[in-house]
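See structure below.
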Amino acid sequence: MSAAIAEPSRAAGLQRLGSFAPSAGRRYAKSRNFDFGPGRRANVSVLSPYVRHRLVLEQELIEAALQHHSLAEADKFVQEVFWRTYFKGWLEQHPAVWRHYHDSIAGLVNTLEKDIELLDRYNTAIEGNTGIDCFDAWARELVTHGYLHNHARMWFASIWVFTLKLPWQLGADFFYRHLIDGDPASNTVSWRWVCGLHTRGKTYLARVSNIANYTDNRFRPDGQLATSAPPLQEAQKFPLQALPEAQVLPSDERFGLLVTEEDACPETLLGGRAPESVFGALATRKRSPLPVGIPAYEFAHGAVTNAVERLQENLGVAGELSTAEDWGELLVQWASSNQLQMIVTAYAPVGPVAEVLLDASRQLESNGVTLVQLRRPYDTLAWPHARRGYFKFRQQIPMLLEQLGIKHSQAGSARDALQEAS
């Protein structure tokens, strides 16, 4: 795990948030696009691994920023938080995009076994041996640390697709396997955006001058990058689908609490009620048919472990953790040993955890156990607005803040002006 990333615990995430929030205004807006390299991340929050696993919640990030800055000052930071929300809501309403991507990966892995030329170009890229210094450095940084600056992710994806002309799905899979904040929605939709598939016809081209400027001249790949980025095409259509109805926790039934890597803070969904027992399960290795990176696995494992241990201590209940991939039999046995007829967990959005839960729910149901997934009010309020592009979604942010009860001011503060001057 990168030395720049603290331990995968809620306490560490809240500490990082507390340290960063005073800088989440104009200073962040001015410097956030700069990638100074590993170990030099003071210009960005590096909170994404905590938010991805919901060790720290999106609403907590926004509230912390707005305690120090007006909404106008913290606009860029707040927007970054809502970008993640937009991606989640959009994919939740276009689940066929994930299924198509997932199926494509399986097909491309089989192709790699047969197409020696493609395999050689793919290995050259993921091993950081292309000769494009910036790209190679980012490939090695990703595998070693499980993290890349957001700007570097865009440059990397653009070079992968338009310069190296490799299938975008394999690049997205490379990211998803190694990023400690690897998220089905943010990762898949971001790669599609670079390719011109999300916003049809609009691609992202990595430019030498942009890379040189925002890496503080660490890299200048003159003459090595594609000079055009024609949008990729696809014949598939992905119609909008309605969000499922939010479930509620029955008021009079005993239940066990299941913790997954999608939400390592599920106790905040229980309205003060305590479960009979807590169980943690991992689906990290389900991200891909190819091996998942060690930092990504360790962070997800640590997040779930922290949640189980925290719940044991705070609620005084028994807890256990399993890394087995067959959740159905696992949960049936746990329910039986604890005499449970109901298992409650935080809602799992589109992705591997949702797929594993769906399979498990069928086996649980056949054994008389009900699985209840509790969706956060934050998601229920925001996701329905994520049907088209982000900019329409962005217009809803003031309304969403009001509905969430997040107080803020519009006027600038003298404190933020002083921070910018310093």
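With a Förster radius of 22 Å applied to the C-beta separation of R200 and R121, the computed FRET efficiency comes to 0.20.
Got a number for carbon plus sulfur as a percent of the stretch 261-307's accessible area, 1.4 Å probe?
53
Is the shape of the stretch 282-422 rounded, prolate or oblate, going by the alpha carbon gyration tensor and its root eigenvalues a ≥ b ≥ c, with a/c under 1.5 for rounded and a/b larger than b/c for prolate? Here the stretch 282-422 falls in the prolate category.
Averaging 1/r over every pair of different alpha carbons in the stretch 311-358 and inverting the result gives a Kirkwood radius of 12.4 Å. Basic side chains Lys and Arg get +1 at the Cβ, acidic Asp and Glu get -1 at the Cβ, and with that the dipole of the stretch 248-380 about its Cα centre reaches some 180 debye.
In the chain, taking the dipole from charged Cβ atoms about the Cα centre, the farthest positive-side position among V356, T305, P377 is held by P377. Per residue, the average separation of C-alpha pairs within less than 8 Å and at least 6 apart gives the chain a relative contact order of 22 percent.
Any chance you could run the full-extension gain for E298 through Q224? It's 0.36 nm times the residue separation minus the Cα-Cα distance, nm to one decimal.
Details: separation 74, 0.36 × 74 = 26.64 nm, distance 3.53 nm.
Fully extending the segment from E298 to Q224 adds 23.1 nm.
Of the residues M154, F174, L197, the one whose Cα sits farthest towards the positive end of the charge dipole of the stretch 87-198 is L197 (charges of +1 on Lys and Arg Cβ, -1 on Asp and Glu Cβ, taken about the Cα centre).
Look at the dipole of the chain built from charges on Cβ: of S209, L91, P250, the Cα furthest out on the positive end belongs to S209. Cut-off 19 Å, label point 7 angstrom out along Cα-to-Cβ of A96: give me the residues of the stretch 222-248 whose amide nitrogen falls inside. Counting backbone N atoms under 19 Å from the label point, the list is 233-244.
Measuring with a 1.4 Å probe in the full set of protein chains, what accessible area per residue, in whole Å², belongs to the chain?
Numbers: 17940 Å² over 422 residues.
Counting only protein heavy atoms, the per-residue value for the chain is 43 Å².
Applied to the stretch 239-256, the Karplus parametrisation 6.51 cos²θ - 1.76 cosθ + 1.60 on θ = phi - 60° returns per-residue 3J(HN,Hα) values of x, 5, 10, 5, 5, x, 5, 5, 8, 10, 7, x, 7, 10, 10, 5, 8, x Hz, with x for Gly and Pro. When the trypsin sites (Lys or Arg not before Pro) in the stretch 139-171 are filtered for DSSP coil states and for at most 12 other beta-carbon atoms within 10 Å of their beta-carbon, the remaining sites are K165. Give the shape of the chain as rounded, prolate or oblate, defined through the alpha-carbon gyration tensor: a ≥ b ≥ c are the square roots of its eigenvalues, a/c under 1.5 means rounded, and otherwise the shape is prolate if a/b is larger than b/c and oblate if not. Oblate shape, in that a/c is at least 1.5 and b/c is the bigger or equal ratio.
Within the stretch 180-265, list the trypsin sites (Lys or Arg not before Pro) lying in a DSSP loop whose Cβ has at most 11 other Cβ atoms in a 10 Å radius.
Working: sites: R192, R200, K202, R207, R218, K237, R254; in loops: R200, K202, R207, R218, K237, R254.
The qualifying sites are R200, K237.
If you take the beta carbon distance between S337 and L358 as r and set R0 to 25 Å, what does 1/(1 + (r/R0)^6) give as a FRET efficiency, to the nearest 0.05? According to the calculation, E is roughly 0.60. Centroid-to-centroid, using Cα positions, the stretch 133-203 and the stretch 219-276 are 18 Å apart.
Per 0.36 nm of contour for each residue apart, how much would the distance between T323 and L240 grow if the chain were fully extended, relative to their Cα-Cα spacing? Numbers along the way, then the final one.
Numbers: separation 83, 0.36 × 83 = 29.88 nm, distance 3.43 nm.
Length difference between fully extended and current span is 26.4 nm.
Would the stretch 52-146 count as rounded, prolate or oblate if I go by the C-alpha gyration tensor, calling it rounded below 1.5 in a/c and otherwise prolate when a/b exceeds b/c, oblate otherwise? Taking the square roots of the gyration eigenvalues as a ≥ b ≥ c, the stretch 52-146 is oblate.
With +1 on each Lys and Arg Cβ and -1 on each Asp and Glu Cβ, how big is the dipole of the chain about its Cα centre, in debye rounded to the nearest 20? The partial results should precede the final answer.
On the way: 42 positive and 46 negative charges, 318 e Å.
For the chain, the charge dipole is close to 1520 debye.
Here the stretch 83-183 has 53 percent of its accessible surface on carbon and sulfur atoms, given a 1.4 Å probe and all protein chains in place. Give the separation of the Cα centroids, the stretch 8-27 to the stretch 302-362, in Å. After rounding, the separation between the Cα centres reads 29 Å.
The values are calculated or read from the model by the stated rules, or taken from the named source; none is laboratory data. Fair warning: this is a prediction, and the values are worked out from it, not measured in the lab. Cβ atoms come from the backbone with ideal geometry, glycine included; neighbour counts cover every protein chain shown. Surface areas here come from the heavy atoms of the whole protein model, side chains and all, with no ligands, DNA or RNA. Shrake-Rupley method; radii C 1.70, N 1.55, O 1.52, S 1.80 Å.
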